[in-house]
Amino acid sequence: MKKIQENRNVIWNIIGATTNAFNSLIFSIIVTRINGTNDAGIFTYSFATACLLYIIGVYSGRTFQVTDISNKNSDTDYIYNRIVTCVIMIIISIGFVLIKGYDIYKCIIFITLCLFKCVEAFSEVLYGIVQKNGELYKARNINDS
């Protein structure tokens with residue numbers, strides 16, 4: 001039974017990683033086709049910067065979290081840590097927009113994409129909890145069961 005769960009974990013991890021890798025490409029194609037190249041340029045720059053800020057949001061927490069087999073830190077500690085890193089991420093993104101002096105249109109796009117990546121960074125800690133418990137397959141869509 002444990003082998004079946006491990007196989008499910010691997011399969012769902014591959015699906016999730018592959019889907020995540022194509023986000024930028026798919027979003028850029030859609031924005032270019034619908035809004036044109038000028039808006040696509042703003043979107044692509046904002047999305048790329050949000051992805052860089054995402055690194056601050058996750059701050060290698062999941063790697064440390066799932067390898068903490070002695071449970072030195074509780075799941076709550078990891079959640080609090082992620083809240084702090086996500087807040088730092090948002091503060092940096094707001095500061096970046098203010099320093100650059102973007103107009104309201106660019107600010108909205110930039111901050112919205114950073115918030116999107118912030119939610120993604122926070123969900124990563126929850127996936128880490130599920131992964132650490134050997135139940136990563138439960139993170140799939142509830143309608144698939």
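Only the coordinates and a few stated rules stand behind these numbers; no lab work does. Every value quoted in this text rests on a predicted model; they were computed, and no experiment measured them. Glycine also receives a Cβ, built like all others from the backbone with ideal geometry; neighbour counts cover every protein chain displayed.
Quick notes on this one:
- The stretch 2-140, relative contact order [Cα under 8 Å, separation at least 6], %: 38
- In sequence order, the stretch 25-31 has phi-based couplings of 4, 5, 4, 5, 4, 5, 5 Hz under the Karplus curve 6.51 cos²θ - 1.76 cosθ + 1.60, θ = phi - 60°, and Gly or Pro positions carry x.
- Cβ crowding within 10 Å, taken as a proxy for footprinting-reagent exposure, orders Val119, Val97 from fewest neighbours to most as Val119, Val97.
- Exposure proxy order (Cβ contacts within 10 Å, fewest to most) of Ile111, Ile104, Ile30: Ile104, Ile30, Ile111
- With a cut-off of 18 Å on the backbone N, the residues of the stretch 37-55 near the modelled label site 7 Å out from Ser123 along Cα-Cβ are 47-48, 50-55.
- Relative exposure of Arg8, Arg62, Arg82, judged by other C-beta atoms within 10 Å (fewest first): Arg8, Arg62, Arg82
- The coefficient of translational diffusion for the chain, derived via Stokes-Einstein from the alpha carbon Kirkwood radius under 37 °C and 0.692 mPa s, stands at 194 µm²/s.
- Using the Cβ-Cβ distance between Arg8 and Lys72 with R0 set to 35 Å, the FRET efficiency from 1/(1 + (r/R0)^6) comes to roughly 0.80.
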